[in-house]
Amino acid sequence: MKALQGAGFMDNDTVAPFLGNSLALVVPADNPAKITGVADLNKSGVKLVIGTKDVPFGDYTRQMLDKMAADPAYGETYKNAFMANVISEETAVTSVMPKLMLGEADAAIVYKSDISKDDRDKLTRIDIPSEYNVMATYPLGILAASPNKAEAESFIAFVRGPDGSAILTEYGFDPIPAGK
């Protein structure tokens with residue numbers, strides 16, 4: 001969005017974050033490793049899948065680990081043990097979920113929205129405490145040359161309204177109220 005704004009393609013007065021997406025810990029529904037939260041991910045023998053450092057969910061996982069390492073309750077030892085438990089680093093979430101469902105991994109760190117409705121009976125999402133989590137935000141705005149500005153404004157009003165927010169929430173996103 002910043003590139004579009006910088007090139008003059010956006011009506012900059014309309015651009016604002018409208019949606020957030022945070023990380024989540026995901027385990028198979030039967031949870032054979034008995035993982036209850038991030039505190040369990042450094043235990044010996046836990047098999048983890050995360051994103052590579054070059055993809056957003058992998059970068060955010062590392063940012064989460066840095067926050068945890070800075071907390072004396074976890075520390076650098078936790079981070080090192082966590083990384084030692086990583087059995088696979090993936091470039092796409094579509095490669096992560098099958099590893100969990102096939103029993104190849106005990107847990108993964110993905111975006112909350114990556115757990116599809118179809119997978120909710122096979123996977124369990126465990127929220128990551130907000131003090132360690134990383135929120136991705138997504139902007140929304142109107143093109144400067146849009147011939148349909150009124151329709152775009154109506155769409156933005158819908159997305160930000162109760163019905164649009166309910167749909168986004170159902171799919172694991174966190175709507176950001178206007179003005180935030």
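The values are calculated or read from the model by the stated rules, or taken from the named source; none is laboratory data. The model shown is predicted, which means the values in this text are computed figures rather than measured ones. As a convention, Cβ positions derive from the backbone with ideal geometry for all residues, glycine included, and neighbour counts pool all protein chains shown.
Of everything in region 68-97, what is of a type in the set (Lys, Arg) and surrounded by fewer than 16 Cβ atoms within 10 Å (Cβ to Cβ)? Give them in sequence order. Explain how you work it out, then say what you get.
Taking region 68-97 and keeping what is of a type in the set (Lys, Arg), we get 79.
The answer is none; no residue qualifies.
Confirm whether Ala39 is surrounded by fewer than 17 Cβ atoms within 10 Å (Cβ to Cβ), modelled with pLDDT under 95 and within 20 Å of the chain's Cα centre (by Cα). Let's see the steps before the verdict.
Details: surrounded by fewer than 17 Cβ atoms within 10 Å (Cβ to Cβ): yes; modelled with pLDDT under 95: no; within 20 Å of the chain's Cα centre (by Cα): yes.
No; evaluated as a whole, the condition is false for this residue.
Where the second residue is in a helix (DSSP H, G or I) and the first is aromatic (Phe, Trp, Tyr) and lies in region 54-75, which pairs have Cβ atoms under 7 Å and are six or more apart or on separate chains?
Close Cβ pairs (under 7 Å, with a partner that is in a helix (DSSP H, G or I)) amount to Phe57/Val93; Tyr74/Met68.
Kindly establish whether Thr124 is more than 20 Å from Gly51 (Cβ to Cβ) and either among the polar types (S, T, N, Q) or part of a loop (DSSP other than H, G, I, E, B) (or both). Steps first, answer last, please.
On the way: more than 20 Å from Gly51 (Cβ to Cβ): no; either among the polar types (S, T, N, Q) or part of a loop (DSSP other than H, G, I, E, B) (or both): yes.
No; evaluated as a whole, the condition is false for this residue.
Could you check Asp114 against (1) touching a residue at least 24 places away in the same chain (Cβ under 8 Å); (2) of a type in the set (Asp, Glu); (3) over 18 Å from Pro28 (Cβ atoms) and say which number it fails?
Here Asp114 meets the rest and fails (3).
Assuming Ala145 fulfils every condition listed in (1) assigned by TED's automatic domain parsing to the domain that holds Glu89; (2) surrounded by fewer than 18 Cβ atoms within 10 Å (Cβ to Cβ) apart from one, which condition is it?
Only one criterion in (1) assigned by TED's automatic domain parsing to the domain that holds Glu89; (2) surrounded by fewer than 18 Cβ atoms within 10 Å (Cβ to Cβ) is unmet by Ala145, namely (1).
Give me the pairs, please: first residue somewhere in region 151-164 and on the phi > 0 side of the Ramachandran plot, second residue anywhere and at pLDDT below 95, beta-carbon distance under 7 Å, and either six or more positions apart or on two chains.
none
So, in region 1-37, of the ones that are out of contact with any strand residue (DSSP E or B) (no Cβ under 8 Å at 6 or more places or on another chain) and among the hydrophobic types (A, V, I, L, M, F, W, C), which residue ends up nearest to Pro177 (Cα to Cα)?
Selected residue: Ala3.
Name the single residue, out of those in region 113-129 being farther than 24 Å from Lys34 by Cβ and not acidic (Asp, Glu), that is surrounded by the fewest Cβ atoms within 10 Å (Cβ to Cβ). Let's see the steps before the verdict.
We begin by selecting, within region 113-129, every residue farther than 24 Å from Lys34 by Cβ; these are 113, 116-118.
Remaining after also requiring not acidic (Asp, Glu): 113, 116-117.
Numbers: Ser113: 18, Ser116: 13, Lys117: 9.
Once the filter is applied, the top-ranked residue is Lys117.
Could you please give the count of residues in region 98-121 that are more than 21 Å from Ala84 (Cβ to Cβ), assigned to a loop (DSSP other than H, G, I, E, B) and not polar (S, T, N, Q)? Steps first, answer last, please.
Step one: of region 98-121, the residues more than 21 Å from Ala84 (Cβ to Cβ) are 98, 101-102, 111-121.
If we keep only those that are assigned to a loop (DSSP other than H, G, I, E, B) too, we end up with 102, 115-116, 120-121.
Checking which are not polar (S, T, N, Q) leaves us with 102, 115, 120-121.
Of the residues in that region, 4 qualify.
With respect to Leu100, is the statement that it is aliphatic (A, V, I, L, M), crowded, with 18+ Cβ neighbours inside 10 Å and without any contact (Cβ under 8 Å) to a residue 60 or more places away in the chain true? If you could, list the steps in order and put the result at the bottom.
Details: aliphatic (A, V, I, L, M): yes; crowded, with 18+ Cβ neighbours inside 10 Å: yes; without any contact (Cβ under 8 Å) to a residue 60 or more places away in the chain: no.
So Leu100 does not fit the description; no.
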